[in-house]
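Scroll down for the structure; my scribbles are underneath it.
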Amino acid sequence: AWGDEGAKVKVYVEFAEGLLSHPEVKVEAKFEPLRFEVVVNNLGGKESEAAGVTNGNTVLAGKINTEKSNWRFNSNKTRLTVTLVKETDDGAWATLKKHTISQHTGWN
């Protein structure tokens, strides 16, 4: 799930109870002007377990401030919230990812 809050966009990822509270859990975050990736490793203390969120190969709907964008867990350790701070507040994003139109195939 995600929501636009004016100057920032928040992305929410829900986890089962107990997965984020293990002391071995580590988070790797990478923020670029038109991309982001946040991966949670060692879910539940298991080295092979990882999950995360990214915008993939499609750029975001607008540029983000890479220094101010961040992530956090909620107090119950059941939700990862990624905050993407907009570089400029040009209004609400209708979509998280930018859609481009191909003259040959339509939407990409």
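Identify, please: which residue in the range 32-76 is aromatic (Phe, Trp, Tyr) and in contact with a Lys or Arg (Cβ under 9 Å, 6 or more places away or on another chain) and is, among those, nearest to ALA92 (Cα to Cα)?
Selected residue: PHE36.
Here is a list: ALA16, ALA51, ALA7. Which entry is of a type in the set (A, V, I, L, M) and over 18 Å from ASN74 (Cα atoms)?
That would be ALA7, the only listed residue that is of a type in the set (A, V, I, L, M) and over 18 Å from ASN74 (Cα atoms).
Listed residues GLU49, GLU14, GLU24; which is open to solvent by 70 Å² or more (accessible area, probe 1.4 Å), charged (D, E, K, R), farther than 17 Å from LEU96 by Cα and under 15 Å from the mean Cα position of the chain (by Cα)? Lay out the reasoning, then the answer.
Working: GLU49 fails: under 15 Å from the mean Cα position of the chain (by Cα); GLU24 fails: under 15 Å from the mean Cα position of the chain (by Cα).
Criteria check complete, one pass: GLU14.
For every residue, the table says whether it meets (1) in contact with a Leu (Cβ under 7 Å, 6 or more places away or on another chain); (2) open to solvent by 60 Å² or more (accessible area, probe 1.4 Å); (3) β-branched (Val, Ile, Thr).
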residue: ALA1; (1), (2), (3): no, yes, no
residue: ALA29; (1), (2), (3): no, no, no
residue: PRO33; (1), (2), (3): no, yes, no
residue: GLY44; (1), (2), (3): yes, no, no
residue: ALA61; (1), (2), (3): yes, no, no
residue: ASN76; (1), (2), (3): no, yes, no
residue: VAL82; (1), (2), (3): no, no, yes
residue: ASP90; (1), (2), (3): no, yes, no
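The values are calculated or read from the model by the stated rules, or taken from the named source; none is laboratory data. Small disclaimer: the values here were computed from a predicted structure and weren't measured. With ideal geometry, Cβ positions are generated from the backbone for all residues, glycine too; neighbour counts draw on all protein chains shown. Just so you know, the surface numbers come from the protein's heavy atoms only, side chains and all, with ligands and any DNA or RNA stripped out. Shrake-Rupley method; radii C 1.70, N 1.55, O 1.52, S 1.80 Å.
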